[in-house]
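*Asks:* Before I ask anything, here is the structure I am working with.
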């Protein structure tokens, strides 16, 4: 099969709250969710964007099986359930042998790793949980979603760092196209706001250090940007062949028309100068969709608020899309949720296509004068968006671009 696949459902759990509608309202409002984080108290960077669900609340929302899940897996289950409901599908009646699950994760359950490592050192081997390994391995988001939904088709857990969620969606698209499954539940989940991870990113110089103005810290493409704000969350899309969705009377939210993936092969954590790999991924995704660059109406940028990433991405957008499509970046509101970010942003791109509205970039007061791109700032912009691209980039040089369209 060639051609686009239908996006028939989306699910989101983000620092704005639970549910796609809640997150959409928040990003359109353009107000950051960053706040002081008690877990990070005393560290050089002591703020983050956390999902406003305590572990107990999350457990109650997930249900009886939550006792064995790391937090990121619980977030994945909540987002997947919403996406499947949104698609009008019922796991009690579908053929689970024909349902795939692809949930990316960049860091895994670092909180569980830290907790059990501490128990080992303080209390001895007998006090380490027998659940330690299933708690910490990064494929259990996919595993728990498959169990929760009775999905017995292919189950995969791509790890391409901060591009993991987008990679998962691209892989799922290929599974649907190839006929290996009829339905794919795909996205990303992450919850790694630990003291060690935060300190590691701080030592790299990747985090914003605006401790006195945390709500203004994440400011993609702003001339005064100084780093990202750590976050957690989950985003999930349901993908189906367009003809199958039509046959059951489903009304797709949008269509996944093209995917492109490349690797910089340049540096472990820094983007390649000039972003040639990102450009190649964008061009490959457009070619896969059978579209020309001038047909792109909107860019949902990776937009981390770091000096190097934003500079490379802005230059690449201006080079490949000189007609200046609108650009947004959700990390100004939601922070950077690592392996979940690409999936969350793909879902938001679907909503932009559906609602004809481009959310503003939070805290963007003055676009870096070196950037020749049309950033949406201050308030949401009404726009007739037919073709949009969503960029995701990750440590290790991973570049993934998704092309989403309003019509097949």
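*Asks:* Free of Cβ contacts under 8 Å to residues at least 24 places away in the same chain and closer than 26 Å to residue 197 by Cβ - does that describe any residue in region 24-37?
*Replies:* no
*Asks:* Against the conditions (1) within 30 Å of residue 258 (Cβ to Cβ); (2) touching a residue at least 60 places away in the same chain (Cβ under 8 Å), where does residue 193 fall short? Just the number, please.
*Replies:* Only one criterion is unmet by residue 193, namely (1).
*Asks:* May I ask you to say which residue of 88, 3, 29 is within 22 Å of residue 346 (Cα to Cα), at pLDDT below 95 and surrounded by fewer than 16 Cβ atoms within 10 Å (Cβ to Cβ)? Explain how you work it out, then say what you get.
*Replies:* Numbers: 88 fails: at pLDDT below 95; 29 fails: at pLDDT below 95.
After ruling out the rest, the residue left standing is 3.
*Asks:* Of all residues in region 376-403, which are farther than 19 Å from residue 279 by Cβ and assigned to a strand (DSSP E or B)?
*Replies:* 377, 381, 382
*Asks:* Looking only at region 373-380, decide whether some residue is surrounded by 22 or more Cβ atoms within 10 Å (Cβ to Cβ) and farther than 17 Å from residue 302 by Cβ.
*Replies:* Within region 373-380 (the criterion being surrounded by 22 or more Cβ atoms within 10 Å (Cβ to Cβ) and farther than 17 Å from residue 302 by Cβ), the answer is no, since none of the residues qualifies.
*Asks:* A further question follows. For region 127-161, name all the residues that are in contact with a helix residue (DSSP H, G or I) (Cβ under 6 Å, 6 or more places away or on another chain), surrounded by fewer than 18 Cβ atoms within 10 Å (Cβ to Cβ) and either assigned to a helix (DSSP H, G or I) or assigned by TED's automatic domain parsing to the domain that holds residue 401 (or both).
*Replies:* 127, 132
Let's see how each residue does on (1) touching a helix residue (DSSP H, G or I) at 6+ places or on another chain (Cβ under 9 Å); (2) farther than 30 Å from residue 146 by Cβ:
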{"residue": "172", "(1), (2)": "no, no"}
{"residue": "183", "(1), (2)": "yes, no"}
{"residue": "186", "(1), (2)": "yes, no"}
{"residue": "216", "(1), (2)": "no, yes"}
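Quick grid of which residues meet (1) in contact (Cβ under 8 Å) with a residue 24 or more places away in the chain; (2) outside any helix (DSSP H, G or I); (3) surrounded by 24 or more Cβ atoms within 10 Å (Cβ to Cβ); (4) outside the structural domain of residue 58 (by TED's automatic domain parsing):
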{"site": "170", "(1), (2), (3), (4)": "yes, no, yes, no"}
{"site": "180", "(1), (2), (3), (4)": "yes, yes, no, no"}
{"site": "189", "(1), (2), (3), (4)": "yes, yes, yes, no"}
{"site": "202", "(1), (2), (3), (4)": "yes, no, no, no"}
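The values are calculated or read from the model by the stated rules, or taken from the named source; none is laboratory data. It should be emphasised that the depicted structure is a prediction, and the values quoted were computed from it without experimental measurement. Neighbour counts run over all protein chains shown; Cβ positions are idealised from the backbone, glycine included.
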